[in-house]
Every structure is written in structure tokens, then in C-alpha cells.
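Participant: Here you go, one structure.
The values are calculated or read from the model by the stated rules, or taken from the named source; none is laboratory data. Remember, it's a predicted structure, so these values are computed and weren't measured experimentally. Note: ideal-geometry Cβ built from the backbone for every residue, glycine included; neighbour counts use all protein chains shown. Keep in mind that these areas ignore ligands, DNA and RNA; they rest on the heavy atoms of the full protein, side chains included. Shrake-Rupley method; radii C 1.70, N 1.55, O 1.52, S 1.80 Å.
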Amino acid sequence: MAESEENVQKEPQPSPEPEKNIFLVKERYEIDFNTPLPQFDTNGAIAFQTKDKTNPQKELFALVCSNEHPPRLSILSYLKSMDHTGILKLVDYGVVDFPQTKTQNMALIYRRPTGPKVSEFNPEKAFNKNSFEKFKSCVLSLLAACEALKSYNITHRALRPDNLYYKDSSCSEIVIGDCAAAFPSLYQPSEYETIENLLALPQGRGNGTIADDAYAIGVVMLAVVLQKEINLGVSTPELLRMKLKKGSFTTLTNGEKIASQFTSVLKGLLIDNAENRWGYMQVYNYLDGKGGSVNELNERSMRALTINGEKLYTAKSIAIALQSYPEEAVGLIRNGKLQEWIKNGLGNEKLYAKISKITQQQTENNSSPFNIISQICILLDHTLPIKTGDLYLFPEGLPKAIFYYLKNGLGLTDFYSLLSNDLIKLWYQEQPSLRAPSNSSEFKNYINRKDFGYGIDRIMYDFDEDLPCTSPLINGDFINSPSRLLRSLNNNYSQFKERMPYDKNIIAYLRCKMGKKIDGILTDLNSRQESMQNSAIIRLYANIQNKHGPVHLYKLTQWLLNAARPVIWTYHNLKYQKYLEHELIKTSKSGKIIDLYDVLENDKARQKDKEEYSSALKEISRLTSEKNKILSGSTKLDEESKELAWRFAAVLGTLSMITSFVFSLLHWIMQ
């Protein structure tokens, strides 16, 4: 009996089931945060098991994006509408409450790939001369997928083996993976990026062109042919130097032997001159036996220009060197050696005239020599990014770079410098097939205005539809709409309740999302009068809640109630002020900002208060006037009083005498 009791005690107790951690997207897709799928992690996003309630047989996974480098919002609707065999299907997307970071994040729901990752290399299966058909099928499937994206004006910018999948176990066709979870090309290894992109800040590369995708496909196919990752193990600056000196194909092949059937295609895709780089048609024609030529066509001088002890022969390499060694560049410009090389080395009289004009203007206007270097480099090679101070980026990547700097608390001095001059305008003028954004002409105006709704925040949101709000008041949440902004403020009330529920970043974001219809509110916000500012923000948030929701915002209403005091004090009637305070406390419990605003800014109450105050002022004026009259006539009044007193005394004395005479007469008669 004792033994059986002991055995019962030793029986293992059932462990408690893990708490369900499931988020439902659009009432259909269940994302299970307890079941990560690390094999599908990509572009800084974390993958989780996902189930379609309507069609449970579908095999799906969700990528939860990072808010540090948010997704490319502007392309999501297009990707969802696409159904291409060479592109991993984006089924849907939505914002989720992410338990790992306790923030709201965007989730992208994809159909699971049916084949292995391209990065699962097997050196024993390296391509040989008998692998031509497989090579042809793989490279054309990649290029065709990029062409399909191009028809929607989308570049992929994340083509690398660990983000690509074979269509099936035959490994003869490739399906491209996610391209929307983070900034374009942010997670690309240096080997997969062109010379121009290697120069730029990773966050400031912009969307790029299909030629950038073609280059990455060239590196991918080199890895597929060799069945190993292309990783030279050198720093980015050293890799850049190697590509400039030897060319990308020679640098990346690194002495590896490649079958001649593949060499021309790889060389064509890895041409460093983007204008001559092969695309789908050139590769297709070559593989179809119609031939094709690989031509770099770099403008190379017979004469060298020495910078930092190295002899350079091309405009691209010299432009890069001038930016890298600005002090030496200033000397070369001032002594005329650079201009001489352009005129006699390149033989480009037109370019020589442009640069001579710039240097002359710099001398006359005493402009910054480093700004002149940036202008000259744009003229030397318009494909390079712009450099200002330590900042190196493409204009299209400017907003995301600003976002990154703001998010990480980095200095914005170089951005202000860039936006205060004409470098961006000059860069677009030199582009043969690009136009400056229509709002770029406003950059100087925006950057010099410190008002709400302007500044560098306005430029960031106006210039890029992808970017969510990045105000510190949202505490890291993903905000892609005005209604989500209100919800986030509501959730973060306890942490920021000592501050006002808005800042310049929020107002700039809302101005870009809501347009000119809130310009009247901006005018009040910039009035520098606290009561007008607070009334304006209550009105703005009330309008957003009314049109877009959410229905109840209890904490945000309380937050705005605290901000209502200066507005209450604009009423003159002290009794009505007390009434308002009590009424607003009751009204705030509804969670509806419009109720708060209706009580606070009641037109009839305002008019009555105004009329009563006006009447009170008139009465005070009348009484003051009477007082002044009395005070101004006081001397005359004193004299009249004295005279009246003497007269009264004389009359009184006379009456006393008569009375005394009458009494004396009566007394005599009676006797």
C-alpha cells in the first residue's frame, strides 16, 4: 500500500499548456507567435506560423517587420494583386500587436515556398558544361520576375541566395522572396551591390532601378554556378576599390573557373556601367543563340590624374577620390589640374566649361569649397550618390536616411546643409531619364521654417509614402494612418501624460496624410498662444476620431482634458469656468474627443460670454467715468458746501432769534 502511494507521488504532473499567443489579421489569418519559423526569417523580419481560417489547407507564414526599418508600404497593394509563378505570393498584410517588443508592427502574410532555399549550396553540384539548360531556366526565371515587378514600377532590391527559393526539388526555376519587409537593399551583402550603391549609406540607397536588380541576379547566378556563397571576406571600402580597379566580374569570380557557356551572361549582368548592363532581352537573345556583346564603354583618359598617390583614369574613379580626399581636391581645383585633366585628358570641352563656371562662381561668392566639390562630382559622374559632409546618399533615399537618423538620435546637420543648397536640384538636372519630385522645389522653404507642419519632418513624409510616423510619443509603434496614431497616443498616455499629446513630427505627418484641409489648424498651432494651440489640437483629433475612429479613446480624452485648462481660462465668467471644469470631467468619460470639444467650444456659450463681458466692460467704463467726474469736481463742491453751511447757519441764527422773540412776547401777554 505504501509502495503504491509512493508511486502515485512520483507520477509526473502534466505541465501547463503554453499560453495561446495568437493574433487574428482581418478576421481571417491566425498568426501564432508561439511558433516561430526561423527558416523563413528575412530582411530583418521574423517569421511565424500562420493559418487561414477560411482555407486551412493553405500553407502560410507571416513576416513581422521591424519598426526600426519599416516596410515599403507603397508597394504592398501591388504585390498583393500580383500572381506570378516566379514571385513568392503576398496573400495579405496588416498591423499586429507584437508580444516580443510590446509594440504594433506590420505583418506580411506569404504563401510558403514549395522548394528549398537557393542558399542551400552543394559544392558537388556545381554547374558544368552540361548544366546549360538549368542555368538558362534559373537566370530567365529571375529576370522574368523582375520584369513583372518593373511593370508595376517596383524594384526588388533584396535578391540574394538566402531570400530566393527553388520552385521545386528539380531546382531548375527560382522564386524570388520578400522585397517589402524593410528598406530597399538594406540587408544586401556588399558583393551584391553596384559600385554606386556601395558608396551610399545603406538606408539612403533608395529604390534603385531594374539595372540594380540585374546586377544582383548576376551575383546570384555566379553563386548558383559555383554552388557557394560569394563572400570575399574583405571590408566594403576594399571591395569597392577592387571593383573599381578590376571590374565586378573579375573581382567576384576571384580566379574561379567557370564554364564558357555561362561567362558571357555573367559578364553582361555584372557590367559596372548600368547603361550597358544586360537585362532580360539581352540574356534571352544570347541564350537563344542570337549573340550579344559585353561592352563596358567607360570613358577612360589616356592621361592620369593622381589623387592620394594613386593614378586615376576615369571620371567615376576621380569623382569618388575627390569626395574621399576633399582637402586634396580643393588644391587640385584651385591650381587648375582637375580642369586641365578634363579638358586635355577627357577632351570634354562642355564639361570643362561647366566646371570652370562653377569654380569662378565659388571665387566670386566665397562659397564653401566642399560644396563646389560635390557639384563637380555630380557633373563628372551623374550616377554617383550625393555627398555632403559625412552623408553619402541618393536623393530618393533621403527620407529613409532622415528617418533612420531621427530614430537613432543622430545629428541632422548634414541633412540641413544638403537641403539648404541646390545639390539635389543639380543631381536631377544631370539625370537623363529622371525627374525631380514635384514638391522638391519646396525643400528650402520647408527646411527654413520652424513652424508646426514644416521643417525636416515635413520633407521626410512628403517625399516618401513608405514612412510611418516616428514621433517619440508613439513609443515605437508602427503608425501608418491618422487613426492608428490616435490609438497609439491613447495607449501611451501614462508614459507621456506630463507632455502635450503632439509634437512637430506628428503634425508634419498628419499634414502629409490629411492635406491642405488642416491648414487652418496649422495656423492656430503656430499662433504661439497656448489656448489657441490646445483648442486646435483638440479639434484636429476630434475630426480624425469622427472620420476614422477608433470609437472610444478614454486615455487620450483624459490627456486632452488636461490640456484644456488654458482654453477654459479664455472664458471671462468665473462661474462658467467652474461649470466647464466639472462638465468636461463628466464628458471625458465618454472617450469621444468631439464631446470634449463641443462642451469646450460651444458657440452659444462663447457668444453669451462675449456679450456679458462686453456689457461688464461698458458698465465698468460708466462707473469709472462717474468716479472721474466726482474726483475732478471735488474742489468746487467743497466751496459750495461751505457757502451753504454759512447760509444755513445764518438762517438758523435768524430763526432762533425770531423764536426767542415770539416766546418772550407770549410770556409777556400771559402775564
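Participant: Quick one: which residues, 5 or more positions from residue 91 or on another chain, have an amide H under 5 Å from its amide H? H modelled 1.01 Å from N in the peptide plane, none for Pro or chain starts.
Facilitator: Here the answer is 109, 110, 111, since their amide H atoms fall under 5 Å of that of residue 91.
Participant: Just the accessible area for residue 582, please: 1.4 Å probe, Å², rounded to the nearest 10?
Facilitator: Residue 582 has an accessible surface of roughly 120 Å² with all protein chains in place.
Participant: Can I ask one more? Cβ under 14 Å from residue 523's Cβ, residue 523 left aside: what net charge do those residues give with Lys, Arg +1 and Asp, Glu -1? Let's see the in-between values first.
Facilitator: Details: positive: 449, 511, 516, 517, 528, 539; negative: 451, 519, 524.
My count for the surroundings of residue 523 gives +3.
Participant: OK, next. Cβ under 15 Å from residue 473's Cβ, residue 473 left aside: what net charge do those residues give with Lys, Arg +1 and Asp, Glu -1?
Facilitator: On the way: positive: 407, 484, 487, 497, 499, 504, 555; negative: 457, 477, 498, 503.
Net charge in that neighbourhood comes out at +3.
Participant: In straight Cα distance, which aspartates and glutamates are under 17 Å from residue 343, not counting same-chain residues fewer than 8 positions off?
Facilitator: Of all the aspartates and glutamates, those that pass the test against residue 343 - Cα under 17 Å, at least 8 places apart if same chain - are 299, 381.
Participant: While we're here: With N denoting the number of residues in the stretch 100-168, provide Rg(C-alpha) divided by 2.2 N^0.38 Å, to two decimal places. Intermediate results must be reported in sequence, preceding the final value.
Facilitator: Values: Rg = 16.0 Å, N = 69, 2.2 N^0.38 = 11.0 Å.
In units of the 2.2 N^0.38 Å rule of thumb, it is 1.45.
Participant: Can you sort 300, 449 by 1.4 Å-probe accessible area, starting with the largest?
Facilitator: Numbers: 300 155, 449 100 Å².
From most exposed to least exposed: 300, 449.
Participant: Same structure again: I'd like the orientation of helix 236-246 relative to the chain: the angle between its Cα long axis and the longest Cα principal axis, in ° from 0 to 90, rounded to 10.
Facilitator: With both axes taken from Cα atoms, the answer is about 40 degrees.
Participant: Continuing with this model, one more query. Keeping all protein chains in place and using 1.4 angstrom, which order do 349, 619 fall into by accessible surface area, from largest down? Walk me through the numbers on the way to the answer.
Facilitator: Values: 349 105, 619 80 Å².
Descending order: 349, 619.
Participant: Nearest 10 degrees is fine. How inclined is helix 369-380 to the longest principal axis of the chain, computing both from alpha carbons?
Facilitator: 40 degrees
Participant: Oh, and also: Which residues' amide hydrogens lie under 5 Å from the amide hydrogen of residue 278, considering only partners 5 or more residues apart or on another chain, with H built in the peptide plane?
Facilitator: 269, 271
Participant: Next question. Report, in listed order, any pair from 89/267; 136/228; 400/516; 243/267; 516/592; 311/357 with a Cα-Cα distance greater than 21 Å. Walk me through the numbers before you get to the answer.
Facilitator: Numbers: 89/267 31 Å; 136/228 19 Å; 400/516 24 Å; 243/267 13 Å; 516/592 25 Å; 311/357 26 Å.
Among 89/267; 136/228; 400/516; 243/267; 516/592; 311/357, the Cα-Cα distance tops 21 Å for 89/267; 400/516; 516/592; 311/357.
Participant: Mind checking which of 118, 281, 139 is farthest towards the positive end of the chain's charge dipole, using Cβ charges of +1 (Lys, Arg) and -1 (Asp, Glu) about the Cα centre?
Facilitator: Among 118, 281, 139, the one farthest towards the positive end of the dipole of the chain is 281.
Participant: Only one of the values [x] 1.19; [y] 1.51; [z] 1.39 was calculated from this structure for Cα Rg over 2.2 N^0.38 Å; name its label.
Facilitator: Correct label, based on the coordinates given: [y].
Participant: How large is ³J(HN,Hα) for each residue in the stretch 251-261, as worked out from phi by the Karplus curve 6.51 cos²θ - 1.76 cosθ + 1.60 (θ = phi - 60°), to whole Hz, x for Gly and Pro?
Facilitator: Computed from phi, the couplings for the stretch 251-261 are 5, 7, 6, 6, x, 5, 7, 10, 4, 4, 4 Hz.
Participant: Further question on the same structure: Mind pulling the angle between the C-alpha long axis of helix 634-670 and the longest principal axis of the chain? Nearest 10 degrees, somewhere in 0 to 90.
Facilitator: 20 degrees
Participant: Amide H neighbours of residue 306 under 5 Å, counting only residues 5+ apart in sequence or on other chains, H built in-plane at 1.01 Å?
Facilitator: Distant-sequence amide H within range of residue 306: 312.
Participant: Please report the accessible area of residue 603 (heavy atoms, 1.4 Å probe, ligands and nucleic acids excluded) in Å², nearest 10.
Facilitator: Answer for residue 603: close to 130 Å² accessible.
Participant: Straight-line reach from residue 555: which aspartates and glutamates have Cα under 19 Å away, leaving out those fewer than 8 places along the same chain?
Facilitator: Here the aspartates and glutamates satisfying the reach criterion relative to residue 555 are 97, 477, 498, 503, 581, 583, 595, 598.
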